[in-house]
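Working notes, beginning with the structure itself.
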Amino acid sequence: MKLALELAKKAEGFTSPNPLVGAVLVKDGKIVGTGYHARAGSPHAEIMALREAGEKAQGATLYVNLEPCCHHGRTGPCTEAVIAAKIRKVVVAMADPNPLVAGKGIARLRQAGVEVAVGVLEAEAGRLNEVFSKYITTRLPFVVLKAAMSLDGKIATRRGESRWITSEQARIFGHRLRHRYDAILAGVGTVLADNPSLTARLPEGGGRDPVRVVLDSSARTPTSAKIINQASPAPTLIAATPKAPAARVAALKEAGAEVLVLPPDEKGRVNLPLLMKELAGREITSVLIEGGAEVHASALNAGIVDKVAWFIAPRIIGGKEAPGPVGGQGAGRLDEAVPLRNVSVQRIGEDIYIEGYVEGSAGR
């Protein structure tokens, strides 16, 4: 099952809106077939493993990190292929959260006389497909808030200098996050201050650029901004409100951006929950937020954040005027602070990287 999970992970960034799935066929103590789902619309992991195994699949045990599908989607049902190949036993890490499957695949296999075991490395499998699980059950994207700060909690100096607080290794890791998630969200303030590309630049190449989403109530994004004028297959979406001047909206569209005008929230800014629904409707299953302090505060206050990805660099910036990673009014009492659960910590280069899940989120 560990091998199945490793195989599944090979396709990170390419299978959306489908899950990450790997499969391993074992017979007489030997691996006779392996496979993984490479991208949406391509053969599923089970089919790839069965093709590699050929006649050796008969009487074998199939290990797969997600319940085999039993419905017709972009491809046929895997359960029928498994039954036809005369697989003896199927070991499943977790049931498919998709309501179209949700235990029906397991039931179909058992009905056909195939032995099925469920729950092997279930927690690891759940974390691997946390994006798919939230999207398929809530029809909302899984949202990750990413921040990089100094040891004393600063994201820039008092003069606004922020490149680079973290190490090169941490920045490469950050680009891998961009590759993994469907969209990247930033505020117009970041665009005006830094003119970022918001692309996935991996050292080995081959990174998938996320859809670029800019929170820009008044459509202030320059038509010359890199996010619009660069060689990237991913589109740029400007999320504005009705107060955006029609001329500015027209200019951005002419420059190549898509402009989405949404009803504002109570403060007159882009309504983030409505934006998430709109993105999900476009089969955007995950969003990585790389904004400034106010965007981060707005996202947390709106309750859209499922997970945080936090880098801490071993340097002290200091200064009352140097900004921190989360703005807004902040918590008045400690019991109003945003609690995290299932927190993990690792070293990346010279930096500390922390992941945690927002308590009460729909993500996990």
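The values are calculated or read from the model by the stated rules, or taken from the named source; none is laboratory data. No experiment lies behind these values; they were computed from the predicted model shown. Cβ placement follows ideal geometry from the backbone for every residue including glycine, while neighbour counts extend to all protein chains displayed. For accessibility, only protein heavy atoms count, side chains too; no ligands or nucleic acids. Shrake-Rupley method; radii C 1.70, N 1.55, O 1.52, S 1.80 Å.
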Task: Reach of K243 by Cα under 20 Å, taken over lysines that are not fewer than 8 positions away in the same chain - done: K253, K267
- [ ] Quick one: Debye curve from the alpha-carbon atoms of the range 116-198 only, equal weights, vacuum; give me log10 I(q)/I(0) at q = 0.23 Å⁻¹ to two decimals.
- [x] -1.25
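Roughly how compact is the range 52-195, stated as its Cα Rg over 2.2 N^0.38 Å to two decimals? Please report the intermediate quantities before stating the final value.
Details: Rg = 22.2 Å, N = 144, 2.2 N^0.38 = 14.5 Å.
Expressed relative to 2.2 N^0.38 Å, the Cα Rg reads 1.53.
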Task: Cα-based Lys proximity count in the range 53-208, under 30 Å, for pairs eight or more positions apart or on separate chains - done: 9
Task: Relative contact order %, the chain, counting alpha carbon pairs below 8 Å whose residues are six or more apart - done: 16
TODO: Just report the Cα centroid separation between the range 91-156 and the range 161-195, whole Å.
DONE: 26
Task: Accessible surface of the chain, 1.4 Å probe, proportion on carbon and sulfur as whole % - done: 51
TODO: Kindly provide the Kirkwood hydrodynamic radius of the range 236-310 in Å, to one decimal, from all pairs of distinct alpha carbon atoms.
DONE: 13.5
TODO: Write down the radius of gyration of the range 251-364 and its Dmax, each obtained from C-alpha positions, in Å.
DONE: 16.7, 48
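What is the calculated FRET efficiency for R282 to Q111, with r their C-beta to C-beta distance and R₀ = 56 Å, to the nearest 0.05?
Details: r = 37 Å, r/R0 = 0.66.
Efficiency, from the Cβ-Cβ distance: 0.90.
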- [ ] Would you calculate the volume per residue, in Å³, of the smallest convex hull containing every Cα atom of the range 1-123?
- [x] 90
- [ ] Let me know the Rg and Dmax you get for the chain when you use only its Cα atoms, in Å.
- [x] 22.6, 70
Task: Bins of 5 Å, starting at 0 and running to the largest distance - Cα pair percent for the range 116-267 - done: 2, 8, 14, 17, 17, 16, 13, 7, 3, 2, 1, 0, 0
Task: Along each principal axis, Cα extent of the range 1-68, largest first, Å - done: 35, 21, 17
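How high is the relative contact order of the range 250-311, in percent, counting Cα pairs under 8 Å that sit 6 or more residues apart?
Value for the range 250-311: 22 percent.
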Open item on the list: Quick check on the chain: helices-only [θ] at 222 nm, where DSSP H runs of length 4 and up contribute -39,500 (n - 2.57) each and the sum goes over total residues. Nearest 500, please.
Closed with: -7500 deg cm²/dmol
Task: Per-residue HN-Hα couplings for the range 169-184 [Karplus 6.51, -1.76, 1.60; θ = phi - 60°; Hz; x = Gly/Pro] - done: 4, 5, 5, 5, 4, x, 5, 5, 5, 4, 5, 6, 9, 5, 9, 10
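Solvent-accessible area per residue for the chain at a 1.4 Å probe radius, Å²? Don't skip to the end; give the middle numbers.
On the way: 17050 Å² over 364 residues.
Computed with neighbouring chains in place, this is 47 Å² per residue.
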